[in-house]
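The values are calculated or read from the model by the stated rules, or taken from the named source; none is laboratory data. As the structure is a computational prediction, the values presented were derived from the model and not from experiment. Glycine gets a Cβ as well: all are built from the backbone with ideal geometry, and neighbour counts include every protein chain shown. For the accessible areas, the whole protein counts, side chains as well, though only heavy atoms, and no ligand, DNA or RNA atoms are used. Shrake-Rupley method; radii C 1.70, N 1.55, O 1.52, S 1.80 Å.
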Amino acid sequence: MNFTYYGHSCFAVELGGRVLLFDPFITPNPLAAGIDLHSVRADFILVSHGHQDHLADAVVLAKRTGAPVIANYEVATWLGKNGAGKTHGLNHGGAFAFDFGRVKLVNAIHSSSLPDGAYGGNPCGFVVESARGNFYYSGDTALTMDMQLIGESTRLAFAALCIGGTFTMDAADAVTAARFVNCGQIVGVHYDTYPPIKIDHGEARKLFQAAGKKLHLLKIGESREF
Ligand code: NI
Ligand code: MN
């Protein structure tokens, strides 16, 4: 599985020729100014919740690529009304087998109002299981015991976890999350974009290292194989 980081919580995972793009937020992010939205590929777009910093570019990308948007039912319906052509709504605990693998919506503790104030359902994380390997994306969330259920049921090649604090888990809580989901390869997301979520990279790496886990903090535009 090839992972490409686009800044904040936006990343792509390529699985057997299919590109899954998560939480597209590129054009409003000054740190991602080096990324050309028109060069970003997507066969599926997955959105974890209704906040602007997770879906700002979803409609534009869905229109250009024709990629279906996978999200909770409320976010999927809202994106459909706002111009995304194809949507696939799921809800927590539910899963669907797509051609690239199975996507399950899992719990996240956060909020999820949409940019125009519409109800955004409940925020989620995603567990993706495929012939190429499995991974978990936490979305925006607090540390929660529910993460243990993921570790018990799925062997993960990597997990993308929010680590910026203030609005989500910080690095220390994400170390516990990594233990709960039973995964040693962690990609940090949702950090450094705004002053309240700026982190000390060295400190964060050390926390994971002390727990016998590897924290990957990728440069925006950088890719890595898992
Ligand atoms: Ni959020
Ligand atoms: Mn966020």
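Taking the conditions (1) farther than 14 Å from GLY184 by Cα; (2) within 16 Å of ligand 1 (Cβ to nearest atom); (3) crowded, with 21+ Cβ neighbours inside 10 Å in turn, PHE167 satisfies each one other than (3).
Note on region 117-132: residues that are within 16 Å of ligand 1 (Cβ to nearest atom) and surrounded by fewer than 21 Cβ atoms within 10 Å (Cβ to Cβ) amount to 4.
Those residues that are more than 15 Å from ligand 2 (Cβ to nearest atom) and either open to solvent by 60 Å² or more (accessible area, probe 1.4 Å) or under 24 Å from MET169 (Cβ atoms) (or both), I need them from region 95-116; list them, please.
First pass over region 95-116, keeping only residues more than 15 Å from ligand 2 (Cβ to nearest atom): 95-107, 116.
Within region 95-116, ALA95, PHE96, ALA97, ASP99, ARG102, VAL103, LYS104, LEU105, VAL106, ASN107, ASP116 qualify.
Residues in region 142-159: is at least one more than 15 Å from ligand 1 (Cβ to nearest atom), crowded, with 22+ Cβ neighbours inside 10 Å, in contact (Cβ under 8 Å) with a residue 60 or more places away in the chain and not charged (D, E, K, R)? Yes - at least one qualifying residue is present in region 142-159.
Checked against the criterion of being away from ligand 2 (no atom under 16 Å from the Cβ) and of a type in the set (A, V, I, L, M, F, W, C), the candidates ALA142, ALA172 yield just one match: ALA172. Taking residues in region 84-113 that are assigned to a loop (DSSP other than H, G, I, E, B), and partners anywhere that are exposed (fewer than 15 other Cβ atoms within 10 Å of the Cβ), the pairs with Cβ atoms closer than 6 Å and at least 6 places apart or on different chains are ILE109/ALA142.
Using the structure shown, decide if ILE35 is open to solvent by 10 Å² or more (accessible area, probe 1.4 Å), modelled with pLDDT of 95 or more, more than 18 Å from ILE163 (Cα to Cα) and part of a loop (DSSP other than H, G, I, E, B). Criteria met by ILE35.
In region 152-169, what residues are away from ligand 2 (no atom under 16 Å from the Cβ) and in contact with a strand residue (DSSP E or B) (Cβ under 9 Å, 6 or more places away or on another chain)? Listed by number, the residues that qualify are SER153, THR154, ARG155, LEU156, ALA157, PHE158, ALA159.
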